[in-house]
Amino acid sequence: MANFYLTKEMAWDVFKTGAVHRGERSEGPRFKVGDLVRTKNQHPMGHTRLPRYARGKVGTIERYQGCFIFADSRAALKGDDPQPIYRVRFKHQELWGNSYPYKDSLSLDIYEDYLEPDPIERAEI
Amino acid sequence: MSHDHEHSGPPDERALRIKAIESLLIEKGIIDEAAVDELVDIFEHRIGPKNGAKVVARAWVDPDYKARLLENGTAAIAELGFSGVQGEEMTVIENTATVHNMVVCTLCSCYPWPTLGLPPSWYKSAPYRSRVVIEPREVLSEFGYDIPDDKEVRVWDSNAELRYLVLPQRPTGTEGWSEEQLAEIVTRDAMIGTNVVPSPDQTHGASL
Amino acid sequence: MNGVHDMGGMQGFGPIEIDQGYAPFHSDWERRVHGVLCIFAINGYFNFDDSRYAIERMGNAEYLTTPYYEHWLAGLEIVAIEKGVLTKEEIEARKEELREKGEPLYG
């Protein structure tokens, strides 16, 4: 691993520049804005950025965020595996049950790997 | 500060542990001690919610800037000179008469450092992280904002590398104010979305 | 992993203790933990996904009963050891040296 050596003089510029979180892959995004999607019900032993409360839930793709380094893969030392992130909106009733009394909602940034390939079929079961 | 533990007596176990790690990393040529000092100074003194308040105030007085800010948050924030670690992918979300946005990181403590600095303790705490997604209205009420039943709450759990800043509604009673005056009344909590910016009529005499 | 760090929707943690003002650190050891972890990452020895995963493995009970920067400290130690930069033994040995010296650690 080629390492860097941050000095006092470099610190402010390096902070202001920030890190790179995006990556590239040849294949385009599989889903489009407006699609109904379902997150996988999965419980990996490793690092994941899909919170438990949002697993196996149906939401709507609100925005394509671009292609990003996959946190789960990088933390598992399996490479960057860049892939699309979608902003997915879930209704509070979907997450917390039909008795939730208000028209509230929640947005998550969902890596493509977290989504079911057949969301509609699963949603109708 | 009563939080400080620099009293006499046996050294704090945590201070020993970080001093041990830091001194070993310095000796091995892996990190530079002066760079640690500098970075700590950056986090304590050169970033913080005053930066975000300038972004909000500019958006309140300049409709073209606001449009750019909502379209591409990272670029518009950089126009004011704010950028960097944990602010590489910024999205600004607008509170309106019908929608109130609030931001959390339920998995850890993700937060937009260049515009808000490091998060307050409550943002990193179990009560906030656990409750805001399931009972956002009770959380808002604890912060002092009783949201109307017919206003929609949108919660943003910043679980990936995108970071969120709330653009609060400009309060009434600030007509004709300068950008600098407006920046003075924008609070950190309003930019996280756990409160609103109160009208100066309601906070007369309060310290902002 | 299904650890206690994944807190969204859990119940029973009580009211939020709201602190005002901008005071990111409450003692020197917290300042050093933050600075050292960030520079260790900037210098390329690990990334924030590694340190988040390390924190998730510090143990559920310990996670809930220690303050925030102890999570970072535990994560820092785990990644430093896993990346082969430090050993647990040398960290413990250095701690003992520092304890015996009895000099002020910071400030």
Criterion: out of contact with any Lys or Arg (no Cβ under 6 Å at 6 or more places or on another chain), crowded, with 23+ Cβ neighbours inside 10 Å and of a type in the set (Lys, Arg) - qualifying residue of B:ARG163, B:ARG154:
B:ARG163
Checking the structure you have, find out if any residue of the range A:82-90 is touching a His at 6+ places or on another chain (Cβ under 8 Å), within 11 Å of chain B (Cβ to nearest Cβ), of a type outside the set (Val, Ile, Thr) and not in a loop (DSSP other than H, G, I, E, B).
no
Do we find a residue being surrounded by fewer than 23 Cβ atoms within 10 Å (Cβ to Cβ), touching a Leu at 6+ places or on another chain (Cβ under 7 Å) and more than 21 Å from B:PRO49 (Cβ to Cβ) anywhere in the range B:173-196?
no
Give me the residue from the range B:109-129 that is among the small types (Gly, Ala, Ser) and more than 8 Å from the chain's Cα centre (by Cα) and, out of that set, nearest to B:GLY84 (Cα to Cα).
B:SER109
What are the residue pairs meeting all of these: first residue in the range C:1-27, first residue at the interface with chain B (Cβ under 7 Å from one of its Cβ atoms) and within 23 Å of B:TRP113 (Cβ to Cβ), second residue in a loop (DSSP other than H, G, I, E, B) and of a type in the set (Phe, Trp, Tyr), Cβ atoms under 7 Å, and 6 or more apart or on different chains?
C:ILE18/B:PHE143
Residues of the range A:32-69 that turn out to be over 17 Å from B:ALA160 (Cα atoms), of a type in the set (A, V, I, L, M, F, W, C) and part of a strand (DSSP E or B), as a count
3
Could you say whether any residue in the range A:42-61 is under 16 Å from A:GLY23 (Cβ atoms), touching a helix residue (DSSP H, G or I) at 6+ places or on another chain (Cβ under 6 Å) and buried (at least 19 other Cβ atoms within 10 Å of the Cβ)?
yes
Residues in the range B:92-120 that are of a type in the set (Val, Ile, Thr) and crowded, with 22+ Cβ neighbours inside 10 Å: how many?
5
From the options C:ILE91, C:ILE55, residue that is in contact with a His (Cβ under 8 Å, 6 or more places away or on another chain) and in contact (Cβ under 8 Å) with a residue 12 or more places away in the chain:
C:ILE55
Restricting attention to the range B:47-69, which residues are crowded, with 17+ Cβ neighbours inside 10 Å, closer than 27 Å to C:CYS38 by Cβ and either touching a Leu at 6+ places or on another chain (Cβ under 6 Å) or not polar (S, T, N, Q) (or both)?
B:ILE47, B:GLY48, B:PRO49, B:GLY52, B:ALA53, B:LYS54, B:VAL55, B:VAL56
Select the helices (runs of 4 or more DSSP H) contained entirely in the range B:1-101, then report the ones holding at least 3 residues which are in contact with a strand residue (DSSP E or B) (Cβ under 9 Å, 6 or more places away or on another chain) and at pLDDT 95 or above.
B:49-61, B:63-71, B:73-79
Which number in (1) within 7 Å of another protein chain (Cβ to nearest Cβ); (2) under 19 Å from C:PHE40 (Cβ atoms) marks the one condition that B:PRO11 misses?
(2)
Could you pull out the residue among B:GLY48, B:GLY84 that is within 11 Å of chain C (Cβ to nearest Cβ) and on the phi > 0 side of the Ramachandran plot?
B:GLY48
Would you be able to tell me the number of residues in the range A:1-39 that are closer than 20 Å to C:ASN47 by Cβ and more than 12 Å from chain B (Cβ to nearest Cβ)?
3
Any residue at all in the range C:33-52 that is closer than 28 Å to A:GLY46 by Cβ, among the aromatic types (Phe, Trp, Tyr), surrounded by 19 or more Cβ atoms within 10 Å (Cβ to Cβ) and within 7 Å of another protein chain (Cβ to nearest Cβ)?
yes
Specify which of the listed residues (B:ARG68, B:ARG46) is charged (D, E, K, R) and closer than 23 Å to B:LEU118 by Cβ.
B:ARG46
Here is a list of conditions, (1) of a type in the set (S, T, N, Q); (2) within 11 Å of chain B (Cβ to nearest Cβ); (3) without any contact (Cβ under 8 Å) to a residue 24 or more places away in the chain, and A:SER99 meets all of them except one; can you say which number that is?
(2)
Segments classed as helices (runs of 4 or more DSSP H), wholly inside the range B:115-194, with at least 2 members that are away from chain C (no Cβ under 14 Å) and more than 19 Å from C:PHE13 (Cα to Cα):
B:179-185
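The values are calculated or read from the model by the stated rules, or taken from the named source; none is laboratory data. Predicted, not measured: the structure shown is a model, and the values here were computed from it. Using ideal geometry, Cβ is built from the backbone for each residue, glycine included, and neighbour counts are taken over all protein chains shown.
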